[in-house]
1. May I ask for the distance between the Cα centers of the range 160-205 and the range 10-67, given as a whole number of Å?
2. Stretched out fully, how many nm does the piece from residue 109 to residue 163 gain, at 0.36 nm a residue minus the Cα gap?
3. If I model a spin label at residue 139 and residue 56 as a point 7 Å from the Cα along the Cα→Cβ vector, what separation in nanometres do I get?
4. Per the Kirkwood treatment, what hydrodynamic radius in Å, one decimal, follows for the chain from the mean inverse distance over all distinct Cα pairs?
5. If you find the alpha carbon centre of the range 72-97 and of the range 116-133, how far apart are they in angstrom?
6. For residue 65, project a label point 7 Å along Cα to C-beta. Then give me every residue of the range 180-205 with its amide nitrogen under 11 Å of that point.
7. Which value results for Rg/Rh of the range 91-204 when Rg is the Cα radius of gyration and Rh the Kirkwood radius based on the inverse mean 1/r?
8. Peptides 80-86, 31-37: what's the order by average Cβ count within 10 Å, highest mean first?
């Protein structure tokens, strides 16, 4: 399942995303999305934290504070897009998402290349930063981390260390299930957001 609402566009996009959830059973949404339902709220894991989604009041909060528009839209699209499918462990590149080929160069520049620039010289920092945002160490490349942005949207970030002749390189891969949950534009935002959070975590190490 996917939703056609865009992740950008401000209030209109948020209204469309809430509308897509109208009439949906909250407990079922929680179950399908890998969340927990408690006290009339959906408690949705997001990176190392948990979002509180209130369908009745149309609010999404993190630690009691309303989240930004981008995070709201991603969370709503995720809830609307989840079905019974679970992560497969099969990793696919961004350009295999629907229409991803057309956006790949921009995705590579903003996300993959930035990952290589930030962690290529010291790949071990990728794992340390990844664990700080709830990620799991993986044995790919010189260093890699699996980040569960949402319970069914897993992103694997890999870095290969460079040398005097070959520059450092990187890749950002998605569990194949994510491609059926979120539209391609959302996946691009998630990739960029994940790298940005890793960079911030690295600065705190």
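1. If you average the Cα positions of each part, the centres end up 25 Å apart.
2. Working: separation 54, 0.36 × 54 = 19.44 nm, distance 2.08 nm.
Length difference between fully extended and current span is 17.4 nm.
3. Rounded to a tenth, the inter-label distance reads 5.0 nm.
4. Values: mean 1/r = 0.0577 Å⁻¹.
That comes to 17.3 Å for the chain.
5. Measuring centre to centre over Cα atoms gives 24 Å.
6. The answer is none, because no backbone nitrogen lies closer than 11 Å to the label point.
7. 0.95
8. Packing proxy ranking, top to bottom: 31-37, 80-86.
Any read-out appearing in this document is the output of simple, stated calculations on the displayed coordinates, not a laboratory observation. All values derive from a computational prediction rather than experimental measurement. Because the Cβ atoms are built from the backbone with ideal geometry, glycine has one as well, and the counts that use them run over all protein chains shown.
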